[in-house]
Amino acid sequence: MNKRKLTTLFVGILLASCGSSRTAINDLATSRPIETSINLSQVIDDKAPVIINPGRFTVETVTYRLPKVVQGTYSVSDFGKYVDDFKAIDYNGNELSVTKVDTNTWTIANATQLEKITYLVNDTFDIESSGGIGGEQPFSPAGTNIEPDNYVLNLHGFIGYFDSLKNNQYKLDVTASSDLVRTSALQNIETKASDDGKSLTTSYFAPRYFDITDNPMMYGKMDVEEFQVGDIKIVLSVYSPNKTHSATSLKETMFTMMQAQKEYLGDVNTTPRYDIYVYLSAGKEDSPKGFGALEHHTSTVVVMPESMPVEALAKSMVDIVSHEFFHIVTPLSVHSEDVHYFDYSNPTFSKHLWMYEGVTEYFANLFQIDQGLIEEDEFYGNVMGKIQTSLAMNDAMSFTEMSENVLEEKYAPQYYNVYQKGALIGMCIDILMREESDGNRGVLSLMKELSNKYGKNKPFEDDKVIDEIVAMTYPSLRTFFDSHVIGNTPINYSAFFNKVGLIIGESKIKTNYLQNAGALIVGVNPTKGEIYFNDLVSENSFWDAQGVKPNDVIKSIDGTEVTMQNANQIFQQVFMWQPGKEIKVKLGRGDDIIEINTTLTQSYTMGKSIMKKADANETQKELRKAWLKG
Ligand SMILES: [Zn+2]
């Protein structure tokens, strides 16, 4: 569907039938930028004042909205929830009557008299214990932050749009204390100091509302590093409240990773500038809790725990930021009409999350082995992890059906599978294409061909792209799509591994201190409010060697008592434990208290792993080489 195009056309016809004088006035109203401002120097009660001045309207009623859903997220955010004290002011300074239609929508009658809209915006980071963006499973990278030392300006949380003026240009003034560092990729028109010099107002220009939502900003006491990767300028902004990490400490890792990504991508059109905004959460009650990253076309916002050791943070950043950066291939250069004409209020979703998220996630894994950043074993371990996780979800659900209906109750819980099975779909297509082309073509070359055909300004038709891909490639892909992407037949991964001389077998594999190869070794007893080790703990070499038994209750970790309230936060830390760390754990067994004070060693478990076939033939070995080393 293409609702927005239809609306524009409809308005165009109406205007053409109006008298010339009226058209002239209307031109005045619609050709000037919508003037907007956010004043971070006048934050009261954690709320920032926003002013929207759209110019003079010629219609009687106008509708103003904040986004219900933002691009790159597949759930309802309702940014209107964070708006307070909404007022429409006329040219004489009086309030006009406003009707709040729903959470995100306001209509203003007598719009011809409307001079400006004013409201206050509440931030979302500090309320994630009970709400925030993403609700029960918060997703901080799409949220907003207002605190004296840091402002995460995901502008979709501050600035809205008029239904009729979505394609208008925007001017945005952001006022903030002059001692704050500010980064933004939006075009900077001018910067002015206040009379007393205490604050600075930076003016930005956005060609249309899309660019407002696509260009987050960060202001604060942070540090910024810039470096060049080929012809891309990378701007890395890091806010670490306790100064545990810095842009300087992460720069080398990001540089090595992005250099490798650029090398892997080859001649794909990229962007002259790419921004990485990193907010590190201090882990307090009012700190953000939904870790991860959200992609934009030329930037990404990352939220991670500040307490991570530097090596663990660097490794997570490689996995996360490489994924976000690969989004410049899809959906940036290859996407459907649903993405291109995104409706923030009532979005429709493409059938092809297997591509946008799945293939992107697959690239983020494959480039690391292709470019020699990881060894084969680690790559196979990552693939096996995705297989295990996806098998724990609904493996017999049509991927295109789930994708298209991802907001609905039946499908929403399966969304996480786009990063698991979605990536595996990418892998299977890659192996099939390598097999059919003597190793010459793969999923990367397919995406390059699609991006040459479409590119960032031309969407594909959602219902036709699979037919097109089949026509561009091989009939075996038709069978694969019909059975495993459109259809609901589970994929037999062993058949694909066999093509490249690999098998799935049982062996001793590395694991962490909370899981055995993906399966949790702790359980919750909600009636007693206790967290305990389950039967699987006996198969976790580290805990088993410490004498831990099934049903031991975890009383405290590193001096902090474990409760139902703080369990998530504590076990997020345990999940990131690395060998070499000193730990103190208190367990309850019956009436006894058992204390474990020791240094972590690598933990192992028996589990499924992907191994090389001893009797693989030359064809299989050659295909494996073409697959892993392009
Ligand atoms: Zn993604």
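The values are calculated or read from the model by the stated rules, or taken from the named source; none is laboratory data. Please read all numbers here as calculations on a predicted model, not as lab measurements. Cβ placement follows ideal geometry from the backbone for every residue including glycine, while neighbour counts extend to all protein chains displayed.
Some points to look at:
- Of the strands (runs of 3 or more DSSP E) contained entirely in the range 127-184, those carrying at least 1 residues that are within 21 Å of the chain's Cα centre (by Cα) fall at 145-147, 150-153, 181-184.
- Any hit, the range 594-608, residues being farther than 25 Å from Ser281 by Cα, touching a residue at least 40 places away in the same chain (Cβ under 8 Å) and part of a loop (DSSP other than H, G, I, E, B): yes
- Taken together, the residues in the range 207-221 that are closer than 16 Å to Asn168 by Cβ and not in a loop (DSSP other than H, G, I, E, B) amount to 6.
- If you check Ser299, Ser322, Ser281 for being among the polar types (S, T, N, Q), more than 16 Å from the ligand (Cβ to nearest atom), crowded, with 20+ Cβ neighbours inside 10 Å and under 21 Å from Val224 (Cα atoms), only one passes: Ser281.
- In the set (1) more than 22 Å from Phe399 (Cα to Cα); (2) within 15 Å of the ligand (Cβ to nearest atom), Pro331 fails one condition alone, (1).
- Residue match in the range 607-618 (condition: of a type in the set (Ser, Thr, Tyr) and at pLDDT below 95): yes
Condition check ((1) under 30 Å from Ser345 (Cβ atoms); (2) crowded, with 16+ Cβ neighbours inside 10 Å; (3) modelled with pLDDT of 95 or more) across all residues:
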position: Ala185; (1), (2), (3): yes, yes, no
position: Lys192; (1), (2), (3): no, no, yes
position: Pro207; (1), (2), (3): yes, no, no
position: Glu225; (1), (2), (3): no, yes, yes
position: Lys251; (1), (2), (3): no, yes, yes
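- Going through (1) more than 30 Å from Glu506 (Cβ to Cβ); (2) under 22 Å from the mean Cα position of the chain (by Cα); (3) modelled with pLDDT of 95 or more; (4) charged (D, E, K, R) one by one, Glu436 falls short only on (2).
- Considering only residues in the range 339-353 that are more than 12 Å from the ligand (Cβ to nearest atom) and within 18 Å of Asp467 (Cα to Cα), the one that is surrounded by the most Cβ atoms within 10 Å (Cβ to Cβ) turns out to be His352.
- Failed criterion for Asp462 (all others in (1) in a helix (DSSP H, G or I); (2) within 23 Å of Pro347 (Cβ to Cβ) hold): (1)
- Count of the range 305-319 residues, restricted to those that are more than 18 Å from the chain's Cα centre (by Cα) and either among the small types (Gly, Ala, Ser) or within 13 Å of the ligand (Cβ to nearest atom) (or both), is 2.
- Total residues in the range 407-440, condition over 15 Å from Val485 (Cβ atoms) and within 16 Å of the ligand (Cβ to nearest atom): 3
- Looking only at the range 60-77, and only at residues there that are under 14 Å from Tyr161 (Cβ atoms) and assigned to a loop (DSSP other than H, G, I, E, B), the one that is nearest to the ligand (Cβ to nearest atom): Gln71
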